[in-house]
Every structure is written in C-alpha cells, then in structure tokens.
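Participant: My questions all concern the structure below.
Since every read-out is calculated from the coordinates, none of them should be taken as a lab result. All figures in this text were calculated on a predicted structure; none of them were measured in a lab. Cβ placement follows ideal geometry from the backbone for every residue including glycine, while neighbour counts extend to all protein chains displayed.
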C-alpha cells in the first residue's frame with residue numbers, strides 16, 4: 001500500500017508538511033505542541049490507528065502492529081479520539097479488507113483482527129496498570145494529574161522481553177500555563193529525551209492548511225492578546241497570574257463519586273448568544289461535609305424556555321440555587337424567584353460579589369471542601385480566573401475571554417459553592433475530614449446577602 005493511498009483512504013490526498021514531519025518522526029518519545037484548529041488531533045489519531053493496524057503511515061509499508069493506549073482529558077475527548085481512529089481504520093479497510101474484529105468496535109475500545117487493540121483510558125494513573133503498548137496523552141495541557149499519568153505510563157512503555165525496543169510515548173496538546181507537565185516537556189529538563197514539534201497557526205497556514213486571513217482575524221477578535229498567543233501561537237502563559245493554580249485544582253479532582261451523597265447547592269450562569277455558554281452546576285455533599293460535583297451541563301445558544309427548564313430541574317434537586325441575574329439575566333432571575341421563592345438567590349454581579357464568589361471558590365479548594373470530576377473545559381475556566389489590583393488598591397477579578405467561552409463553567413461552580421454554604425469548617429494537619437453540621441451551613445455568611453444588590 002503506497003503512502004499516497006494511505007492518505008487517500010482518510011479522505012485527504014496528502015498530509016500537510018508539518019503533519020508529515022510529525023508522522024515521519026520515529027522517536028520513541030515525541031511531543032506535538034500545536035495551535036488549535038490545525039488538524040493536530042486528527043494526525044495523532046491517524047498515527048494511533050496505523051500503528052495498531054501495522055502500517056507505516058508515511059511510507060505505506062507493513063510494520064509490526066502494536067497495542068495503543070490513549071489517555072485524554074475527558075470521556076468526551078476519548079470518545080472523539082477513538083471515533084477518528086475508527087474513521088481511519090474504516091478507510092484502510094476499503095483497500096486492505098476487514099481490520100476491526102466483529103464486535104470490536106466499542107465506545108472506549110477498538111479490537112483488531114490482528115490481536116491488537118486501541119484502548120481509551122480515563123485520566124487516572126491507576127487505570128494504566130496492567131496495560132502495555134504505545135501511549136498517547138492527548139490534550140496533555142488540560143489533563144489533571146498529568147505528571148502522575150506520565151510517571152505511571154513509563155513502566156508500561158519500557159522495554160521488555162517481548163519488545164526489547166520498548167513502546168512510544170507521545171504527548172499532544174495546546175499550551176495551558178508554564179507550571180505544567182507539558183511546559184516541562186517542551187521547555188524543561190523532562191523534555192531532554194523528547195523529539196519536539198511546534199506548530200503555530202501561522203506555521204499551519206504557511207504550510208497550506210485551509211485557514212484564511214479572515215479566519216485568523218476572527219480568532220484574534222475572540223481573544224485578548226495573551227490568550228491568542230497561548231491558543232494559537234504556542235506560547236505558554238504565566239501561571240503566576242492565576243487566582244487558582246493548576247496544582248490546587250488538580251489536587252481536588254476525583255474519578256468516582258463516593259456513596260451517601262445528598263443534594264447541596266446549584267449554580268447557573270446565564271447566556272444567550274455568541275461564545276458565552278449557559279452553564280449549570282449541581283453539588284452534592286458527603287457525610288463529612290465535602291462538596292462533590294454531581295452534574296455539569298453546558299450549552300451555547302439556548303433559548304430562554306430551555307434554560308428555564310434546566311434551572312427548574314436543578315432547583316428541584318437542590319437545597320439552594322444561585323443564579324447570575326446581571327444584565328440579560330435580570331428577568332430570568334426574577335422569574336425563577338417568582339416560581340420557586342426563597343430557594344433561589346438571584347445575584348447581581350458587583351465587584352464585591354465577585355470577590356466573595358471567587359474567594360469562596362478558592363477557599364473551598366484550599367480547604368479541600370470541594371471535589372470535581374475531570375473536565376478539561378471546567379479546568380480551563382477555573383484557571384482563567386485572574387485577580388489584579390487597581391492603582392487605588394482595589395481588587396478586580398476577571399475571567400479570560402477565549403474561544404471556549406468566558407469562564408462560564410467557573411462562574412456556575414462558584415455560584416454553586418456559594419449556594420451550598422461556602423467552604424465551611426477547617427482541616428487538621430494531614431486530615432481530609434471536616435467539622436460540618438447543617439446548623440453551621442445556615443449560619444454561613446455566604447447565604448446572607450450583605451445588600452439588596454446581592455439578591456434582586
């Protein structure tokens with residue numbers, strides 16, 4: 001099978017130069033730092049599928065098939081990655097005949113007739129145990145516990161009697177701060193063993209990727225200069241500007257919810273059009289008082305009746321509900337108060353309120369009173385919270401406005417923590433337990449608006 005035919009089976013006559021360069025790199029350790037929207041994940045999935053099938057995708061020659069393990073930032077990302085792998089394999093099958101075994105096409109696993117598999121695993125270091133094969137860490141900049149995942153991945157890719165050369169580790173992603181594993185690989189000591197590929201949006205356009213100057217101008221108009229540099233120009237932003245660090249967020253990520261949870265508070269960030277998203281977060285509380293993210297729903301362009309239905313469902317399941325009633329949310333908040341009464345706090349965002357909300361959110365993380373499930377968009381939104389000080393000493397909180405939205409998930413999470421009573425209790429040294437009672441929750445200042453501007 002020729003290289004041209006391999007490319008043609010995937011729906012494109014040829015890869016672009018930067019994609020071919022990446023595919024031709026045979027290094028056992030390689031990294032791709034990429035702009036968004038330039039086909040980086042597509043080419044990574046094509047390599048994964050070809051290695052599992054036993055093809056050298058750049059020469060079209062037959063190669064020894066190898067098992068493939070993929071760790072992505074969320075279940076949705078894993079599902080999408082495997083869907084792209086399956087698309088490539090189905091393209092191959094038009095030339096080679098069947099490759100996927102009967103019943104081997106599953107949501108998080110693809111079994112091939114040659115005995116190899118492509119397996120998508122959660123972003124949990126323990127999930128890697130017992131596996132063997134090439135490891136691809138997709139969207140590595142957005143994965144919590146990335147250092148631990150990388151360390152767990154090293155033994156399963158190490159040389160052994162069956163494969164003296166060992167297996168490959170590939171890391172692929174877009175920058176998200178300079179305190180991450182990805183930064184360490186691209187610019188630190190850990191990257192000494194890696195072959196590195198950096199492809200900005202400008203590099204991709206110069207190589208013929210079908211983005212126009214108008215597309216680029218539209219992307220730039222969506223973002224501030226720092227966010228554009230990070231998302232499209234492969235520049236790692238400074239983690240020091242974050243109000244909540246990646247390390248703090250990642251320390252509160254759990255991969256499964258414990259039993260015996262009861263409903264706590266919910267938060268709703270209102271949106272209607274554009275990049276902004278409607279976001280609804282529901283938190284449930286454990287016997288020790290710790291809050292757990294039970295539900296996160298996000299959608300763009302929702303009509304008001306649909307948002308009202310979302311909110312009403314969450315109110316029915318929650319002990320308290322807080323909604324952003326600023327600007328376009330004013331009437332929306334008023335309607336919810338009319339329908340559900342005192343269970344709803346309709347909050348007008350002021351400088352004082354933002355400080356209370358985001359300080360409360362950080363305190364909940366710091367006191368380990370909050371646990372969240374792995375979600376790259378939530379992580380990105382929380383890390384987008386910035387605190388700055390004016391010349392007069394006042395504190396201002398901003399949310400970086402990027403292609404993913406305006407930190408909408410973080411706003412909804414902060415509102416849900418607020419509605420749940422805030423970061424109650426304190427932790428003793430080395431303890432994950434807290435002192436919490438419903439009476440303390442009722443006395444919490446977070447449920448007592450200081451002025452009418454807080455609850456219209």
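Participant: Over all distinct alpha-carbon pairs, what is the Kirkwood Rh of segment 258-361 in angstrom?
Facilitator: 14.2 Å
Participant: Evaluate the relative contact order of segment 221-367 (contact order divided by residue number), counting alpha-carbon pairs under 8 angstrom at least 6 apart; express in whole percent.
Facilitator: Details: 203 pairs, mean separation 27.5, N = 147.
Relative CO of segment 221-367 lands at 19 percent.
Participant: A further question on this structure: Rounded to the nearest whole Å³, what is the per residue volume of the convex hull around the Cα atoms of segment 20-70?
Facilitator: It comes to 85 Å³ per residue, whole-number rounded.
Participant: While we're here: Mind checking Rg over Rh on segment 117-274, alpha carbons, Kirkwood formula for Rh?
Facilitator: 1.03
Participant: Along the Cα-to-Cβ line of residue 114, 7 Å from the Cα, sits a label point; which residues in segment 36-58 have backbone N less than 11 Å from it?
Facilitator: Counting only backbone N, you get 49-57.
Participant: Using only Cα atoms, find the angle between the long axis of helix 351-366 and the longest principal axis of the chain, and express it within 0 to 90 degrees, rounded to the nearest 10.
Facilitator: Relative to the chain, helix 351-366 is tipped by roughly 60 degrees.
Participant: What's the exposure ranking of 217, 250, going from fewest to most Cβ atoms within 10 Å? Kindly include the intermediate steps, with their values, before the conclusion.
Facilitator: Values: 217 10, 250 19.
Ordered from fewest to most neighbouring Cβ atoms within 10 Å, 217, 250 come out as 217, 250.
Participant: Run the Debye formula on the Cα coordinates of segment 344-386, all scatterers equal and no solvent, and tell me log10 I(q)/I(0) at q = 0.21, 0.23, 0.30, 0.34 1/Å.
Facilitator: -0.86, -0.96, -1.09, -1.11
Participant: For segment 3-232, max minus min Cα coordinate along each principal axis, in Å, sorted largest first?
Facilitator: Largest first, segment 3-232 extends 49, 39, 29 Å along its Cα principal axes.
Participant: Okay, helix-only estimate at 222 nm for the chain: each DSSP H run of n ≥ 4 adds -39500 (n - 2.57), divide by all residues, round to 500 deg cm²/dmol; what do you get?
Facilitator: -11000 deg cm²/dmol
Participant: Can I ask one more? Thinking of segment 30-116 as a set of Cα atoms, what percent of all their pairs are more than 17 Å apart?
Facilitator: 47 percent
Participant: When the scattering of segment 184-297 is computed by the Debye formula from its Cα atoms alone, each counted once and equally, what is log10 I(q)/I(0) at q = 0.10 Å⁻¹?
Facilitator: With no solvent term, the Cα-only Debye profile gives -0.57.
Participant: Tell me the relative contact order for segment 118-238 as a rounded percent, counting alpha carbon contacts under 8 Å between residues six or more apart. Let's see the in-between values first.
Facilitator: Details: 137 pairs, mean separation 28.9, N = 121.
Relative CO of segment 118-238 lands at 24 percent.
Participant: Based on the alpha carbon coordinates of the chain, what radius of gyration and maximum Cα-Cα distance (Dmax) apply, in Å?
Facilitator: Both quantities, over Cα of the chain: 23.8, 72 Å.
Participant: Also: Listing 268, 349, 55 from the residue with the fewest other Cβ atoms within 10 Å to the one with the most, what is the order?
Facilitator: Working: 268 31, 349 17, 55 23.
Ordered from fewest to most neighbouring Cβ atoms within 10 Å, 268, 349, 55 come out as 349, 55, 268.
Participant: Using only Cα atoms and rounding to the nearest 10 degrees, what angle (0 to 90) does helix 408-419 make with the longest principal axis of the chain?
Facilitator: 40 degrees
Participant: Can you give the angle from 0 to 90° between the axis of helix 304-317 and the longest principal axis of the chain, with both taken from C-alpha atoms, to the nearest 10?
Facilitator: 70 degrees
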